[in-house]
Amino acid sequence: MSRNRGTGAGGSNTNRNGLPFERCVCPPVYVVGKGALVGEYLFLKQHDFIKHMKPVDPNARLFKPDGAFIRGEHVILMECKYQSTSGSADEKILNSPMKLELYKHAYPHVKTWKYILVLSEWFKQPSYDGWIAALKNNPEIDVWWATCSENEVHVKLEVDEKSGKVRVLLSNHQLVPRFNTNP
């Protein structure tokens, strides 16, 4: 009998590989419940995004993005997908257009959306070229890469002002952004 580990419970390697990979989109310092200012944008992730954005139906099943840059009525969503071996988890990247439509439905007050899919180097294999091209056909979706650095570790701090705790988060992945994402 299989055991349900709860909503959002990933595979056995999610915590080991996926969570450090997701940190490549986070600013150096993130305050839980408040986010981080990055230029003119407010960066939020997961539950903080939902609280700030005030969905039409808070009881609906809502996605919690790995990261989001918000400026007024403009949102840039960051979804990270890490893959290092073959398997069916890679098919999740094809859900991006549907997830974007569901975000629009949950937050109709947002005027412009950009959905950036941040992928690990695994997806640079020629067998994924068709998938990446199909995703890029949607003008609201872009694909960025995060590269692994064997010799460099990026330090991120997550501050919880309520408890006074500071978590030091490490990632050996570096985001390689493309700069055509203006909403």
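Every read-out reported here was derived from the displayed coordinates using simple, explicitly stated rules and does not represent laboratory data. Not measured: the values here are computed from a predicted model. Reconstructed Cβ throughout: ideal geometry from the backbone, glycine too, with neighbour counts over all protein chains shown.
Brief remarks on what is shown
- Annotation: the residues 62, 100, sorted from fewest to most other C-beta atoms within 10 Å of their own C-beta, follow the order 62, 100.
- Computed magnitude of the charge dipole of the chain (debye, nearest 20; Cβ of K, R +1, Cβ of D, E -1): 520
- Over all other residues within a Cβ to Cβ distance under 15 Å of residue 72, the charged ones net out to +2, with Lys and Arg as +1 and Asp and Glu as -1.
- Positive-pole candidate from 83, 72, 176, dipole of the chain, charges at beta carbon: 72
- MRE, 222 nm, helices only [DSSP H, n ≥ 4, -39500 (n - 2.57), over the chain, to nearest 500]: -4500 deg cm²/dmol
- Annotation for residue 63 and residue 34: the two label points, set 7 Å from Cα along the Cα-Cβ direction, are 2.9 nm apart.
- Once C-alpha pairs closer than 8 Å and six or more residues apart are averaged by separation and normalised to the residue number of the chain, the relative contact order reads 24 percent.
- Highest-fluctuation residue, 53, 78, 98 considered, GNM on the chain with Cα pairs under 10 Å: 98
- For 169, 37, 77, order by how many other beta-carbon atoms lie within 10 Å, fewest first: 37, 169, 77
- Ranking 35, 153, 127 by Cα position along the charge dipole of the chain, where only Lys, Arg, Asp and Glu carry charges on their C-beta atoms, puts 35 farthest toward the positive end.
- The length gained on full extension between residue 157 and residue 131, counted as 0.36 nm times the residue separation minus their Cα-Cα distance, comes to 5.9 nm.
- Radius 12 Å from Cβ of residue 168, net charge of other residues (Lys, Arg +1; Asp, Glu -1): +3
- Stokes-Einstein translational diffusion, the chain - Kirkwood Rh over all Cα pairs, 1.002 mPa s, 20 °C, in µm²/s: 124
- Among 158, 79, a tally of other beta-carbon atoms within 10 Å of each Cβ gives an order, fewest to most, of 158, 79.
- Check: segment 61-154 dipole with +1 on Lys, Arg Cβ and -1 on Asp, Glu Cβ, in debye: 440
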